[in-house]
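Peer 1: Sharing a structure with you now.
The values are calculated or read from the model by the stated rules, or taken from the named source; none is laboratory data. Predicted model, so just to flag it, every value in this text is computed and none were measured. Here the Cβ is made from the backbone with ideal geometry for all residues, glycine too, and neighbour counts use every protein chain on show.
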Amino acid sequence: MYDVALIGTGRVGYQFTFSDRPDNHATAVAASGRCRLAAGVNRGREKLVEFGARFGVEALYHDYRQMLEESAPDICIVATHPELHCGMVEDCAAAPSTRAIICEKPMALSLGECDRMIAACERAGVLLQINHNRRWNPEWIKARELLSAGAIGELNYIECSMDGGKPAPSWRSDNEGPLLHDFSHYFDMLDLFAGRVEWLCGMAEQRSRPWAVEDFSAAFIKFASGVTAIAHGAELTDYEQHSFLLSGSTGVIRMQAEQVHLFRSQPGEVEADSGFAWRELAEAPVERPAAASTYSAALDELLDALEGRAALRSDGRAGRRALEMIMAIYRSQLQGNRPVSFPVTMAESGVEALRAAGHFVARNEDRTGG
């Protein structure tokens with residue numbers, strides 16, 4: 001039985017509830033049977049006390065360093081704001097009891113921080129898992145299986161977009177815009193489906209929102225595999241809309257509402273006089289995978305990896321690759337929207353660099369009306 005400490009008893013820590021399956025870290029641990037919630041940490045008191053009461057945890061702390069010393073957990077879950085991830089992961093890795101760390105996405109705010117986190121864990125022999133949870137989602141796993149099986153032929157390009165509609169003023173935007181906050185999931189999926197990036201040309205603009213981060217971004221990406229991708233993310237709408245499309249030589253895989261849909265080429269119109277034959281797409285049946293908790297699946301994989309029976313599909317290096325694409329967009333904006341070759345050498349925060357260059361400024365009013 002592994003002792004688990006939850007650092008950050010907020011929404012993703014224990015409050016998310018979208019179904020009857022575990023939809024947050026604490027519930028997944030409680031349902032595991034292979035580990036137990038031994039401690040909780042939060043800066044604020046109210047959520048910490050509520051967490052302790054709900055899960056029967058008595059070891060509650062405001063200082064995670066004190067928790068590491070007194071509770072000595074085997075596994076630490078870092079579910080805090082991203083500017084805290086690096087220092088917390090380093091300190092957790094250095095604690096003698098720690099064997100594994102689960103860190104929320106985005107992994108950090110800069111590639112330099114990612115490198116420090118990876119190095120700290122490798123130095124201590126601690127497993128580091130990044131919670132880009134679509135990697136454990138059965139629908140996304142099914143999409144990859146279809147692609148690998150040749151269901152759409154050769155992959156040519158990927159299109160993905162996110163219009164967010166974060167609730168103002170509830171959305172906290174001190175250090176992260178939509179690229180880091182939400183779109184890191186899709187960059188992780190681009191890494192999964194298309195592999196290593198050769199170059200990226202992007203833009204990150206603050207068009208109308210008051211926070212000193214981007215509210216509009218776009219990128220064109222070229223992968224070493226020959227695949228290209230177009231990505232677009234914005235916070236300019238009062239609604240939420242996500243889209244992810246894999247276009248192949250003989251069909252299309254489209255993710256809609258987190259479900260996989262397959263479209264295959266079939267004979268279409270034929271011009272009577274010329275004999276010219278067109279082909280069109282028609283939706284094909286897909287055997288729907290059983291729903292599952294991504295939090296539970298990720299936790300089980302981590303425990304199996306600790307026992308030598310599995311490898312992590314989303315480790316620190318995978319988390320860094322997703323962040324590298326985001327940093328390349330910021331770098332491209334700084335360079336007048338010119339292409340950026342990989343690997344990206346910018347170690348500092350792209351948001352801070354764009355603020356220093358005058359691209360992102362704090363404004364008094366939200367001119368979009370919230």
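Peer 1: Which count do you get for residues in segment 303-330 that are surrounded by fewer than 24 Cβ atoms within 10 Å (Cβ to Cβ), touching a residue at least 24 places away in the same chain (Cβ under 8 Å) and under 22 Å from Tyr2 (Cβ atoms)?
Peer 2: Going through segment 303-330 one residue at a time, the tally reaches 6.
Peer 1: Sticking with this structure for a sec: Quick check: anything in segment 257-274 surrounded by fewer than 16 Cβ atoms within 10 Å (Cβ to Cβ), assigned to a loop (DSSP other than H, G, I, E, B) and touching a residue at least 24 places away in the same chain (Cβ under 8 Å)?
Peer 2: Within segment 257-274, one or more residues are surrounded by fewer than 16 Cβ atoms within 10 Å (Cβ to Cβ), assigned to a loop (DSSP other than H, G, I, E, B) and touching a residue at least 24 places away in the same chain (Cβ under 8 Å).
Peer 1: So, of the residues in segment 272-295 that are within 29 Å of the chain's Cα centre (by Cα) and among the hydroxyl-bearing types (Ser, Thr, Tyr), which turns out to be nearest to Arg135 (Cα to Cα)?
Peer 2: My answer is Thr294.
Peer 1: How many residues does segment 1-31 hold that are more than 26 Å from Glu90 (Cβ to Cβ) and either free of Cβ contacts under 8 Å to residues at least 60 places away in the same chain or among the hydroxyl-bearing types (Ser, Thr, Tyr) (or both)?
Peer 2: Going through segment 1-31 one residue at a time, the tally reaches 9.
Peer 1: Restricting the search to segment 156-178, which residues are part of a loop (DSSP other than H, G, I, E, B), under 16 Å from Arg207 (Cβ atoms) and modelled with pLDDT of 85 or more?
Peer 2: Gly177
Peer 1: When residues of segment 138-151 are filtered for being buried (at least 22 other Cβ atoms within 10 Å of the Cβ) and either closer than 20 Å to Asp300 by Cβ or more than 20 Å from the chain's Cα centre (by Cα) (or both), how many remain?
Peer 2: Residues flagged as buried (at least 22 other Cβ atoms within 10 Å of the Cβ) and either closer than 20 Å to Asp300 by Cβ or more than 20 Å from the chain's Cα centre (by Cα) (or both) within segment 138-151 amount to 1.
Peer 1: Check every one of the helices (runs of 4 or more DSSP H) wholly within segment 1-94 and list those with 1 or more residues that are crowded, with 16+ Cβ neighbours inside 10 Å and of a type in the set (Phe, Trp, Tyr).
Peer 2: Hits in segment 1-94: 45-55, 64-71.
Peer 1: Read through the list (1) surrounded by fewer than 21 Cβ atoms within 10 Å (Cβ to Cβ); (2) modelled with pLDDT under 95; (3) of a type in the set (Phe, Trp, Tyr), then give the number of the only condition that Trp199 fails.
Peer 2: Among (1) surrounded by fewer than 21 Cβ atoms within 10 Å (Cβ to Cβ); (2) modelled with pLDDT under 95; (3) of a type in the set (Phe, Trp, Tyr), the lone unmet condition for Trp199 is (2).
Peer 1: Right, another one. With the requirement that a residue be under 30 Å from Ala356 (Cα atoms) and under 16 Å from the mean Cα position of the chain (by Cα), what does segment 296-328 give you?
Peer 2: Those that are under 30 Å from Ala356 (Cα atoms) and under 16 Å from the mean Cα position of the chain (by Cα): Gly316, Arg317, Ala318, Gly319, Arg320, Arg321, Ala322, Leu323, Glu324, Met325, Ile326, Met327.
Peer 1: Something else now. Taking interchain pairs and intrachain pairs at least six residues apart, which have beta carbon atoms under 6 angstrom, with the first residue in segment 275-299 and touching a residue at least 12 places away in the same chain (Cβ under 8 Å) and the second among the charged types (D, E, K, R)?
Peer 2: Final answer for the pair search is Ala284/Arg264; Pro289/Lys142; Ser293/Arg21.
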